[in-house]
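What follows is a short report on a single structure.
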Amino acid sequence: MDDTMKGDFTTDEIKYIVDELEEIFERRTFEDQTPYEVLVRTILSQRTRDENTDKATENLFSVYHTMEEIADAPVEEIAKLVKQAGFYNVKAGRIKEVSNILLEEYDGVVPDDINELVKLPGVGRKTANCVLVFGFQEDAIPVDVHVHRISNRLGLVHTNEPEETEEVLREIVPKDYWLPINDLMVQFGQNICKPINPQHMECPFTDICELYNSEI
């Protein structure tokens, strides 16, 4: 790893950021969902809002309850049910394809190994890490647009790609802080550190934020 991708933060400062986010936001968990349900939900979540993902996921599993039923379902029917998630034809085809692969090649069991998960069509590192965190409660750091943006704005990392951000965060964040970091940063990015017009007056990190201190 190129050391220039790391920010100048101490371990205690990184812990402070995560602890402070836990004070502001209630961490969301999906412990009542199976790894398969988490996988499907994460596929549906790509390029759409959480509320749309939630509705599409609920619609799908209210009609088709198992991996086998979804694998056998007409893709057109799946698409109708997940329409609210956007790009529904693509996502429906992907969900059906993934379901069939899991049944045929993995005995109907979602693998808990990132190297196996990313072999599935449409499953990149972010989706795979979400499955590990929310489906298996395994230590991983899913890096989406929010985590990538916030990590760079704060100065935790100086990276161009989410994959680089994940690599650096895995290096600098204590492992017992990996599980909550994605969900907390996503909520922070949706409500305070927004892509446009970040709410600096509501941000608890202005004293240590690289972006904020470069603008004042």
Q.
Looking only at segment 136-152, count every residue that is in a helix (DSSP H, G or I), of a type outside the set (Lys, Arg) and open to solvent by 10 Å² or more (accessible area, probe 1.4 Å) and tell me the total.
A. 5
Q. Could you list, in sequence order, the residues of segment 66-89 that are within 26 Å of residue 183 (Cα to Cα) and not in a helix (DSSP H, G or I)?
A. 82, 86, 87
**Q.** segment 4-18, residues that are touching a residue at least 60 places away in the same chain (Cβ under 8 Å), in a helix (DSSP H, G or I) and not basic (Lys, Arg)
**A.** 4, 5, 11, 13, 14, 17, 18
Q: Please determine, by comparing only the residues of segment 42-51 that are surrounded by 14 or more Cβ atoms within 10 Å (Cβ to Cβ) and either among the β-branched types (Val, Ile, Thr) or modelled with pLDDT under 95 (or both), which one is nearest to residue 135 (Cα to Cα).
A: 42
Q | Scope segment 90-132; condition over 24 Å from residue 48 (Cβ atoms) and in a helix (DSSP H, G or I); matching residues | A | 103, 104, 105, 115, 116
Q.
Quick check on this structure: which one of 39, 60 is buried (at least 18 other Cβ atoms within 10 Å of the Cβ), under 21 Å from residue 144 (Cα atoms) and at pLDDT 95 or above?
A. 39
Q) Of the residues 26, 69, 76, 105, which is within 21 Å of the chain's Cα centre (by Cα) and either open to solvent by 20 Å² or more (accessible area, probe 1.4 Å) or among the hydrophobic types (A, V, I, L, M, F, W, C) (or both)? A) 26
Q. Out of all the residues in segment 183-200, is one or more farther than 20 Å from residue 49 by Cβ, open to solvent by 10 Å² or more (accessible area, probe 1.4 Å) and in contact with a helix residue (DSSP H, G or I) (Cβ under 8 Å, 6 or more places away or on another chain)?
A. yes
Q: Those residues that are under 17 Å from residue 66 (Cα atoms) and either surrounded by 15 or more Cβ atoms within 10 Å (Cβ to Cβ) or under 19 Å from the mean Cα position of the chain (by Cα) (or both), I need them from segment 108-127; list them, please.
A: 110, 111
Q: Working carefully through the options 21, 60, 39, find the one that is under 30 Å from residue 104 (Cα atoms) and either in contact (Cβ under 8 Å) with a residue 40 or more places away in the chain or not in a helix (DSSP H, G or I) (or both).
A: 39
(Q) What pairs come out if I take residues in segment 165-177 that are touching a residue at least 24 places away in the same chain (Cβ under 8 Å) and pair them with residues that are hydroxyl-bearing (Ser, Thr, Tyr) and part of a helix (DSSP H, G or I) whose C-beta lies under 9 Å away, six or more apart or interchain? (A) 168/151; 169/151; 172/11; 173/11; 174/11
Q | helices (runs of 4 or more DSSP H) wholly inside segment 153-216 containing at least 1 residues that are touching a His at 6+ places or on another chain (Cβ under 8 Å) and among the hydrophobic types (A, V, I, L, M, F, W, C) | A | 178-191
Q: Mind telling me which of the residues 169, 179 ends up being under 21 Å from residue 12 (Cβ atoms), surrounded by 18 or more Cβ atoms within 10 Å (Cβ to Cβ) and under 13 Å from the mean Cα position of the chain (by Cα)?
A: 179
Q. Looking at (1) open to solvent by 80 Å² or more (accessible area, probe 1.4 Å); (2) touching a residue at least 24 places away in the same chain (Cβ under 8 Å); (3) within 28 Å of residue 159 (Cβ to Cβ); (4) within 19 Å of the chain's Cα centre (by Cα), which is the one condition that is false for residue 86?
A. (1)
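The values are calculated or read from the model by the stated rules, or taken from the named source; none is laboratory data. Here the structure is a predicted model, which means the values were calculated and not measured. In this analysis, Cβ positions are derived from the backbone assuming ideal geometry, glycine residues included, and neighbour counts consider all displayed protein chains. Heads up: the accessible areas ignore ligands, DNA and RNA and are worked out on the full protein's heavy atoms, side chains in. Shrake-Rupley method; radii C 1.70, N 1.55, O 1.52, S 1.80 Å.
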